[in-house]
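These notes concern the structure reproduced below.
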Amino acid sequence: NVLRQEGMRKDGSRFPLELSVKEIIKSGHRTLFIAYLRPVANDTALEQATQLSQTIIAQSPIPVIVINLKGIIRTFNNAAVALTGFSQEEAVGVNVGLIMENDEAKYHDKYLKMYSQTGIKTA
């Protein structure tokens, strides 16, 4: 089990952390407990940065479309909606070939697969 706790430094300042305790039992020996501590301040900063990025993308006047390595649309901002005519509901979760001409869409998945395997950009 991992618990979120508040730790305290020598100077009295407090910080968020995750605490995990593991029990080690060895025959003929005393039971030992090992505590793993992980500060989560970086997680909070990452969450805030992610939230800010999402806000910037949503408000951008430039069409922004984010896909995963399989070509599935993960983000489709309002400017992309205005440009393509597809709503976010129609686009998110669908292959990016949705907004391509048929010839290009036919090969796009192959481009992505080749890139994920080799790191070579072929498009």
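Quick one: in segment 55-71, which of the residues that are loosely packed, with under 13 Cβ neighbours inside 10 Å and within 27 Å of Thr122 (Cα to Cα) is modelled with the lowest pLDDT? The extreme case among them is Leu69. Checked against (1) within 20 Å of the chain's Cα centre (by Cα); (2) open to solvent by less than 50 Å² (accessible area, probe 1.4 Å), Gln88 passes all but condition (2). Out of Lys10, Lys26, one residue alone is at pLDDT below 85 and more than 30 Å from Ala82 (Cβ to Cβ). It is Lys26.
Scanning segment 7-25 for residues that are of a type outside the set (Phe, Trp, Tyr) and open to solvent by less than 100 Å² (accessible area, probe 1.4 Å) yields Gly7, Gly12, Ser13, Pro16, Leu17, Glu18, Leu19, Ser20, Val21, Lys22, Ile24. Filtering segment 72-84 to residues that are open to solvent by less than 60 Å² (accessible area, probe 1.4 Å) and either among the small types (Gly, Ala, Ser) or touching a His at 6+ places or on another chain (Cβ under 8 Å) (or both) leaves Ala79, Ala80. Residue count for segment 26-37, restricted to those that are closer than 17 Å to Asn1 by Cβ and open to solvent by 100 Å² or more (accessible area, probe 1.4 Å): 3. Looking at Ile99, is it under 27 Å from Gln54 (Cα atoms), open to solvent by 50 Å² or more (accessible area, probe 1.4 Å) and in contact with a helix residue (DSSP H, G or I) (Cβ under 6 Å, 6 or more places away or on another chain)? Yes; evaluated as a whole, the condition is true for this residue.
The values are calculated or read from the model by the stated rules, or taken from the named source; none is laboratory data. On a predicted model such as this, the values are computed, not experimentally measured, just so you know. Cβ atoms come from the backbone with ideal geometry, glycine included; neighbour counts cover every protein chain shown. Note: areas computed on protein heavy atoms with side chains; ligands, DNA, RNA excluded. Shrake-Rupley method; radii C 1.70, N 1.55, O 1.52, S 1.80 Å.
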